[in-house]
Structure formats: structure tokens, C-alpha cells
Amino acid sequence: MRAMILDEIGPIDSSPLRLVELPIPEPPPGHVRLKVSCCAICRTDLHVIEGDLPQQKLPIVPGHQVVGTVDALAPGCERLQLGQRVGVAWLRHTCGDCEFCTAGKENLCESTRFTGYHADGGYAEYATVPEAFAYEIPDAFGDIEAAPLLCAGIIGYRALRRAELPRGGRLALYGFGSSAHVVIQIARHRGFEASVVTRGESHRELARRMGAAWVGENATDLPVKVDSAILFAPAGELVPPAMESLKKGGTLALAGIYMTELPAMDYERHVFYERDIHSVTCNTRDDGRELLAEAARIPIRPHTTTYPLSEANRALQDLKNDRIDGTGVLVMDQS
Ligand SMILES: [Zn+2]
Ligand SMILES: [Zn+2]
């Protein structure tokens, strides 16, 4: 099979992913194999490739927003059928019996393992996943539309929950990339007013088209204080202005898996009056199933840009340089 493989950590501008032929993987017991249709790219892929996250398996096939059809079932699989369409996300293993797993917080399990980081992911024509961590994809979505939901959607959904937006409340989104453009669709469908702060003009244009109540370049220009905010940009320096934009009692959710250092904050100006910071760590499988069900009801329509698998380096360079509106998706049968 064709795959894009990372041999060594390196800057994405050096095109560190290499197109190779690999044997089609055999699914171990309890795993299914997918014939991959497409795989959306994510900022976390950049953090893996460029070494912002601690190095795990190398070489590695990145990619954790994978859509395909089941083409092999190993012994021990009992839920899925051959030919069924499924998705693979970032979370692929939890222990099931630690204090976090048994408390419904499997996202915090000490033994979590992730797709495209600890195990090969979806930048390839075939991928395997534990059956228990594969998601059925609702019929409401085509393959390319479904792919961004598997991380951008799921993490955005959890970030929105962690932002504790009160009924009828005002939300601010900092950064308007893949995840934010899904979240704004959920927020608006639930009747929230959403404002967007982002640097890129084309991102601001997409936010306007998606019904943002207010769109601008700086947090300090927000016309009114908000009940909740979600910071998607991995930029620690945005935390103080985002905190300052909150009403008393407001909550800022930090959606990223990686963020640059947080600057010092002034207690009265940025934190006092019961304003809270909630980080967001991965997701539970329930988050994933709930997101997919709600996304199908709305229905969410991700804005996508497709690339052939062999152009994964270019796709990620475009992501890093803010040249993609919505989500970039690698498509296997595009050449
Ligand atoms: Zn556990
Ligand atoms: Zn991701």
C-alpha cells in the first residue's frame, strides 16, 4: 500500500514525510482494518512531525481523522461488519480500569495511546484500529465531510462543553481553523451568539459567512464581554486578553494539545471575579459518539480543501501557514 511516512522529526517546510510502499497491515486480535478513503489533517499532526510533542513511535504514519470501510475483522471483533463505513480518531486505547477510566474520564487515563503517534494512522491506503475505538459514521455525511469531525469536531465539541456556556450565552472563538469552523456551526444551531477573533482575512471571511455575530483581529476590539471563550490558536500570549474578554464568572477553554508558554497574568485584571480556565485533554468515546450524532442532526457541513495523499507535506505546509480555510483532507484515490 502507499503511505506517507515520517522517519525523523523535522520542520514541515523540509517536507519530512516520504511516500513509500508498505505491506498492508494485518489487524491484531480485537482490531479491524480499514480500506482508507480519506484522512483529514490536524494541527496535532504538525506537533507530532515537528517534535512539539514528545517523540513516540518512529517511523510513523501520521493521521488521526480517518474514514474508510472495514475490509478485515480480526478474531475478537463483535460489533462491526465487513464493508461498514467507520472512522478512526486520535484516542485508540485506554486501560479501562484506572480511577479515571472507571469515573467516566477515560480521556485522562494514564495509559492512553493515540493514532498517528503511538500507532500508524491514516496517511495510508489501509489502517488498523481496535474495534472498540472505531466510530460508525452517520449516513448524513460523505467521506470527505466526515473526516474533519473525527478530531476537529470531537475536540471542538468537548471544548464547547468545557467552556460551560450558559443558555443563550455569548461565546468568543480565538482562532478560526478546522475545529472552530465546526464549533461555530454547533454553537449557532444551539442558539448561541458566537464572535470570532482571528488574524487571517480569509478566516475572518469564512467566519462571517458562517454567521459569526462579530468578527475581528484583536480580542481587545470585542464589542461586548462574553460568557465563555475557546482558544484554538496554540498561542499562550492570547490567554490574558481572552481572560480579560470574559464576563464575571466566565470560562475560557483551551482546546489545544500544545500551547506556547503562558505569560504572567494580573490577578484582578485577568482572573479574579471567578473567571476560570479549563484545559481540554483529548476526549472520551462518548464525546465522539455524541458529536457525530449531533453533527448529523444539524447537519454540520465542514468546509474542506482536498489534496492527494502524496501531497501531505504541502497540505501541512498550507495548514501551518494559515492557507487553508476549514479543513484539509488527504484523499486516497486522488492523484
Ligand atoms: Zn485508564
Ligand atoms: Zn487532531
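Could you compute the net charge surrounding A103? Neighbours are other residues with a C-beta less than 14 Å from the C-beta of A103; K and R count +1, D and E count -1.
Charge balance in the 14 Å sphere: -4.
Counting Lys +1, Arg +1, Asp -1, Glu -1, what net charge surrounds P148 among other residues with beta carbon under 14 Å of its beta carbon?
-2
If you filter the range 1-106 for GluC sites (Glu not before Pro), then keep DSSP loop positions with at most 14 other Cβ within 10 Å, what is left?
E8, E78, E99
Taking every DSSP beta bridge that has both residues in the chain, what percent is antiparallel when rounded to the nearest 5?
If I count the DSSP bridges inside the chain, around 55 percent turn out antiparallel.
Mind grabbing the base-10 log of I(q)/I(0) for the chain at q = 0.06, 0.12, 0.13 Å⁻¹? Debye formula, identical points on the C-alpha positions, no solvent, two decimal places.
Log10 of I(q)/I(0), two decimals: -0.20, -0.81, -0.95.
Loop-only check: which trypsin sites (Lys or Arg not before Pro) in the range 118-205 are DSSP coil with at most 12 other Cβ within 10 angstrom?
Sites meeting the loop and neighbour criteria: R167.
Rounded to the nearest 20 Debye, what is the dipole magnitude of the chain about its Cα centre when Lys and Arg each give +1 and Asp and Glu each give -1 at the C-beta?
840 debye
Name the most mobile residue of G87, G177, G191, meaning the one with the largest mean-square fluctuation, in a Gaussian network model of the chain with Cα contacts below 10 Å.
In this elastic network of the chain, the residue with the biggest mean-square fluctuation among G87, G177, G191 is G191.
With the Cα gyration tensor of the range 124-256 in hand, give its eigenvalues times 5 under a square root as the equivalent ellipsoid semi-axes, listed largest first in whole angstrom.
28, 15, 15
Starting with the fewest neighbours, write out Y267, Y123, Y174 ranked by other beta-carbon atoms found within 10 Å of each beta-carbon.
Ordered from fewest to most neighbouring Cβ atoms within 10 Å, Y267, Y123, Y174 come out as Y267, Y174, Y123.
Starting at the first residue of the range 69-81, write each ³J(HN,Hα) from the Karplus equation 6.51 cos²θ - 1.76 cosθ + 1.60 with θ = phi - 60°, in whole Hz, x for Gly and Pro.
With coefficients 6.51, -1.76 and 1.60, one gets 10, 5, 10, 7, 10, 7, x, x, 7, 9, 9, 8, 10 Hz.
Sticking to Cα atoms, compute the Rg of the range 1-144 to one decimal and its Dmax as the biggest Cα-Cα distance, whole number, in Å.
When restricted to Cα atoms, the range 1-144 yields Rg and Dmax of 15.2, 44 Å.
Taking the 0 to 90 degree range and rounding to the nearest ten, how far is the long axis of helix 178-189 tilted relative to the main principal axis of the chain, both from C-alpha atoms?
The angle comes out near 60 degrees.
For the range 88-132 and the range 27-87, write down the distance between their C-alpha centroids in whole Å.
10 Å
Please report, in cubic angstrom per residue, the volume enclosed by the convex hull of the alpha-carbon atoms of the range 163-320.
Enclosed volume per residue, from the Cα hull, is 128 Å³.
Could you tell me how many degrees, from 0 to 90 and to the nearest 10, lie between the Cα long axis of helix 152-162 and the main elongation axis, the longest principal axis, of the Cα atoms of the chain?
With both axes taken from Cα atoms, the answer is about 40 degrees.
On alpha carbon coordinates alone, what is the Rg over Rh value for the range 189-238, Rh being the Kirkwood radius?
Value, to two decimals: 0.94.
Treat the count of other C-beta atoms within 10 Å as a stand-in for reagent exposure and order C151, C42 from fewest to most.
C42, C151
Choose one of W214, F232, P299: the residue whose Cα lies farthest towards the positive end of the charge dipole of the range 191-329 (beta-carbon charges +1 Lys, Arg; -1 Asp, Glu; about the Cα centre).
Towards the positive end, the residue furthest out is P299.
Suppose each label sits 7 Å from its Cα in the direction of the beta carbon; what would the E294-R314 distance come out to in nanometres?
Label at E294, label at R314, 3.7 nm between them.
Only Lys, Arg, Asp and Glu count, each charged at its Cβ (+1, +1, -1, -1), so figure out the dipole size of the range 173-322 about its Cα centre, rounded to 20 debye.
500 debye
Report, as a whole number in µm² per second, the diffusion coefficient that Stokes-Einstein gives for the range 229-335 at 10 °C and 1.306 mPa s using the Kirkwood radius over alpha carbon pairs.
95 µm²/s
Which one of C38, M4, L53 is farthest out on the positive end of the charge dipole of the range 1-71, using unit charges on Cβ (Lys, Arg +1; Asp, Glu -1) and the Cα centre as origin?
Of C38, M4, L53, it is C38.
Relative to the longest principal axis of the C-alpha atoms of the chain, give the angle of the C-alpha long axis of helix 285-297, reported between 0 and 90° and rounded to the nearest 10°.
Roughly 80 degrees, rounded to the nearest 10.
Using the Cβ atoms and a cut-off under 12 Å, what net charge is assigned to the surroundings of D7, where Lys and Arg are +1 and Asp and Glu are -1?
Surrounding charge for D7 is +1.
Values quoted throughout were computed directly from the atomic coordinates according to the rules given, and no laboratory measurement underlies them. Remember, it's a predicted structure, so these values are computed and weren't measured experimentally. When we count neighbours, we look across all protein chains shown, and the Cβ atoms used for this are built from the backbone with ideal geometry, even at glycine.
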